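Chemist: One structure coming up, written as structure tokens, with questions to follow.
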Amino acid sequence: MAGDTITSTEYIQHHLTNWTYGKHPDGHWGFAHSAQEATEMGFWAIHVDSMIWSIFLGAVFIFMFSRAAKTMTAGVPGGFQNFIEWVVDFVNENVRGSFSAKNDLVAPLALTIFFWVLLMNLMDLVPVDLIPRIAQEIGAAFGADPHHVYFKVVPTTDPNITFGMALGIFILMLYYSIKMKGLGGFFGELAFQPFGKWGMPANLLLEGISLISKPVSLALRLFGNLYAGEMIFILIALLYSGGIIWGTLGGFLQLGWAIFHILIIFLQAFIFMVLTIVYLDMAHQEHH
């Protein structure tokens, strides 16, 4: 697609536009045929590609770990079992080191978050034109204009996905804060810290901002890092349309960035998991 007769701006915009389903300005529901139509659909539009890939990769996670559980042996373990056991031990160590309360939900939640986010992040290593090109060919077979076929493959470059996960964590934070401390205790932490009862307005402002900033920063950190990585891959792909010399340079740049980006992919999954554990630990702690 980098070599098609479209401008660099159109190429970048096409790769950054989700396959969107929503309500058109005239009232009918359907798929967007341009980035502008996708924007006009507003808040209730659905990014179909993000939903497909996030659900599919979640199913991959469930399949891998269920298969490992069914085939686990007490004898000499195979490579796959060793890998799964290493991941589980790695997550358990982080839970033991960061979570001081007792809650049987936290470790499975941390494992799910780490591996699911990791799988979604790993999609950033798929060549940027490969799956979108396949989607275009399928769309053309059904009579669609290839330039109006959008298909993003990295769910964590979609803020709807990252904010959705962060919102789930935020709801758990509120639930356990109220469950462990009571509604009065939870409100007391917001109203009376750090300046005591006479500083209630300032306390509510500061603690309210601190509380809301947790899911916002959790979502934006993951989204921002993966979106930037995807953008760099797209910009490098533009070099392939500049001839042999630029194409060769683009190949080396893409390889170098992919190797470096592996660190970001694993690091962001790890950070999302650790912050989830820390936030839930804070929700379980009662301040006197």
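Coordinate-derived values only; no laboratory data. Note that the coordinates shown come from a computational prediction; the quantities given were computed from them, not determined experimentally. Because the Cβ atoms are built from the backbone with ideal geometry, glycine has one as well, and the counts that use them run over all protein chains shown.
Chemist: Sorting His33, His14 on the 10 Å Cβ count, fewest up front, what's the list?
Modeler: His33, His14
Chemist: So if I take the centroid of the Cα atoms in segment 225-288 and the same for segment 1-54, what is the distance between those two points in Å?
Modeler: 23
Chemist: Hey, another quick one. Roughly how many debye, to the nearest 20, is the charge dipole of the chain about its Cα centre, given +1 on each Lys and Arg Cβ, -1 on each Asp and Glu Cβ, and no other charges?
Modeler: Computed about the Cα centre, the dipole is about 820 debye.
Chemist: Would you mind ranking Asp129, Asp49 by Cβ crowding within 10 Å, fewest neighbours first?
Modeler: Numbers: Asp129 19, Asp49 22.
Final ranking by Cβ density, sparse to dense: Asp129, Asp49.
Chemist: Now, a different point. In a shell of Cβ-Cβ distance under 15 Å around Leu122, excluding Leu122 itself, what net charge do Lys and Arg (+1) and Asp and Glu (-1) give?
Modeler: -1
Chemist: Find out how many positive minus negative residues lie around Ala135, taking Lys and Arg as positive, Asp and Glu as negative, among other residues whose Cβ is under 13 Å from that of Ala135. Spell out each step's value before the answer.
Modeler: Values: positive: Arg133, Lys152; negative: Asp49, Asp129, Glu137, Asp145.
Here the count lands on -2.
Chemist: First select every other residue whose beta carbon is under 12 angstrom from the beta carbon of Pro25; then total the charges, Lys and Arg +1, Asp and Glu -1.
Modeler: The answer is -2.
Chemist: DSSP loop chymotrypsin sites (Phe, Trp or Tyr not before Pro) in segment 29-75 with at most 16 other Cβ atoms within 10 Å of their Cβ, which ones?
Modeler: Phe43, Trp44
Chemist: Please express the Cα-Cα pair-distance distribution P(r) of the chain as a list of whole percents, one per 5 Å bin, running from 0 to the bin with the greatest distance.
Modeler: 1, 5, 10, 12, 14, 13, 12, 10, 9, 7, 4, 2, 1, 0, 0
Chemist: While we're here: For the residues Tyr21, Tyr150, Tyr176, what sequence is obtained by ranking on other C-beta atoms within 10 Å, fewest first?
Modeler: Lowest to highest Cβ neighbour count: Tyr21, Tyr176, Tyr150.
Chemist: Cross-link candidates for Lys197: which aspartates and glutamates have Cα within less than 18 Å, leaving aside residues fewer than 8 places away along the same chain?
Modeler: The reachable aspartates and glutamates, counting only those whose Cα sits under 18 Å from Lys197, are Glu189, Glu207, Glu286.
Chemist: Normalised by the residues of the chain, what does the relative contact order come to in percent, with Cα pairs under 8 Å and at least six apart?
Modeler: So the answer I get is 24 percent.
Chemist: In addition: Given an 8 Å cut-off on Cα distances and at least 6 residues of separation, report the relative contact order of segment 149-233 as a percent.
Modeler: Contact order relative to length: 43 percent.
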